[in-house]
1. Tell me, yes or no, whether segment 58-72 has at least one residue that is buried (at least 16 other Cβ atoms within 10 Å of the Cβ), assigned to a strand (DSSP E or B) and acidic (D, E).
2. Could you pull out the residue among S187, S181 that is among the polar types (S, T, N, Q) and either in a helix (DSSP H, G or I) or surrounded by fewer than 17 Cβ atoms within 10 Å (Cβ to Cβ) (or both)?
3. Just checking, which of T229, T150 is more than 21 Å from P280 (Cβ to Cβ), touching a residue at least 60 places away in the same chain (Cβ under 8 Å), polar (S, T, N, Q) and out of contact with any helix residue (DSSP H, G or I) (no Cβ under 6 Å at 6 or more places or on another chain)?
4. Which residues, counting only those in segment 190-248, are part of a loop (DSSP other than H, G, I, E, B), out of contact with any Phe, Trp or Tyr (no Cβ under 6 Å at 6 or more places or on another chain), within 16 Å of G276 (Cα to Cα) and open to solvent by less than 10 Å² (accessible area, probe 1.4 Å)?
5. Looking at P357, P277, P336, P293, can you tell me which residue is of a type outside the set (A, V, I, L, M, F, W, C) and surrounded by 14 or more Cβ atoms within 10 Å (Cβ to Cβ)?
6. Within segment 145-159, take every residue that is open to solvent by 10 Å² or more (accessible area, probe 1.4 Å), not β-branched (V, I, T) and not in a loop (DSSP other than H, G, I, E, B) and give me the one that is nearest to V99 (Cα to Cα).
7. I'd like to know if segment 30-46 contains one or more residues that are in contact with a helix residue (DSSP H, G or I) (Cβ under 9 Å, 6 or more places away or on another chain), assigned to a strand (DSSP E or B) and not small (G, A, S).
Amino acid sequence: MKVAILGTGGIGLATAAWLAHHGHVPVLWSPSGAGTRELAAGESLRYSGKIEGECRPEVASSAAGAVADADVILVAVPGNGHRTVMEAAAPHIRPGQVVVISSLCSLSALYLSRLLAERGVEVPIATWGTTVLTARRRSGTEVAIMTVRTSLHVATLPVSQAAVGIETCRTLFGDRFLAQSDVLATSLININPVAHLGLALGNLTRIERGENWPQYHYMTDSVSRLITTLDHERLAVADAFGLRIHPIEEHFHRSFDVPMTDLAEIARTIHARRGGPPGPTSLDTRFILEDVPYGLVFAEAMGKIAGVDTSVHAAAITLVSAIWGRDFRAENDLLPVLGLDGLSKDELLQRARHGWPAAKA
């Protein structure tokens, strides 16, 4: 299959490597152009870790060029890039293609559904609760693939296209996908926001001083208590919508094959097995800049619709906004365009399952 990959960070490059390694044709597009400069000049992409080799992915100079004859379009940018990338790609998406979002945040699939509905186009939008791969971009031509998850959840918008969405994912990445109810579930299932917030606050001065600190070693008992408290609020929001998503402990169990114990013990086990990865060494980190507005702020907004207490989320957002000196509630650029104001729980679930209402003729 020919797959347009929108984004050239660690996940974008790792995805291109994985697909080429398994006989598919990846086409990379960098929104800024900088991420594919060397590859566009003819250099190979070298990959190591869980798979090893090198490949020559195709490179597109525009979103239109990437999407044009692709079978699948895969969004592989951080949450703060979803709106921009979707706005660039949506005018060129056509019936018969499949979109995959790796991974979903803040119901961005619903925004893409809205953009396509305005053109009278509907395609399956498959969304993941997390990424298939974890990876580190070494340079513009080298990526290390550190983890290939054995299982992850996928939901498709609209739900009537669920079979197409999950089969496409399995064709590209193997039989590791578990069907989830809808894209609200895959928006809430990502544990990164609660885990990263706890790690960042608990290790703030290490980050600010640029120290070397292995994340799981510093997911201590007290940090783990904060993370699990946030996680309980996340689960309560999902439960209020009738969604069944797994707790953070099960996420680590599924991802790293560790026993289902308490979070601090899980962290100790992972650290003993694999060490790192190292935590961030600058306040300019996605642990806060992406995960707070597109994870915690989103969950807080869903809690308000569901009538669920998310006071620890609220306190954490307010606290890090003060520390970083910026209003993170105002930095989520998806919530204002999702059309959620005034929706009831049932109406929101309808959108999350059936997509944006088609424009009336």
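1. Yes, segment 58-72 has at least one match.
2. The conditions single out S187.
3. Answer to the check: T150.
4. Hits for segment 190-248 are W213, M219.
5. Going through P357, P277, P336, P293 in turn, just one is of a type outside the set (A, V, I, L, M, F, W, C) and surrounded by 14 or more Cβ atoms within 10 Å (Cβ to Cβ): P293.
6. H153
7. Taking every residue of segment 30-46 in turn, at least one turns out to be in contact with a helix residue (DSSP H, G or I) (Cβ under 9 Å, 6 or more places away or on another chain), assigned to a strand (DSSP E or B) and not small (G, A, S).
Condition check ((1) out of contact with any Asp or Glu (no Cβ under 7 Å at 6 or more places or on another chain); (2) without any contact (Cβ under 8 Å) to a residue 40 or more places away in the chain) across all residues:
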site: G279; (1), (2): yes, no
site: D284; (1), (2): yes, yes
site: I288; (1), (2): yes, no
site: L296; (1), (2): yes, no
site: V308; (1), (2): yes, no
site: A316; (1), (2): yes, no
site: V320; (1), (2): yes, no
site: D327; (1), (2): yes, yes
site: R353; (1), (2): no, no
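The values are calculated or read from the model by the stated rules, or taken from the named source; none is laboratory data. Fair warning: this is a prediction, and the values are worked out from it, not measured in the lab. Reconstructed Cβ throughout: ideal geometry from the backbone, glycine too, with neighbour counts over all protein chains shown. Ligands, DNA and RNA are stripped out before the accessible areas are found, and what is left, the full protein with its side chains, is counted by its heavy atoms. Shrake-Rupley method; radii C 1.70, N 1.55, O 1.52, S 1.80 Å.
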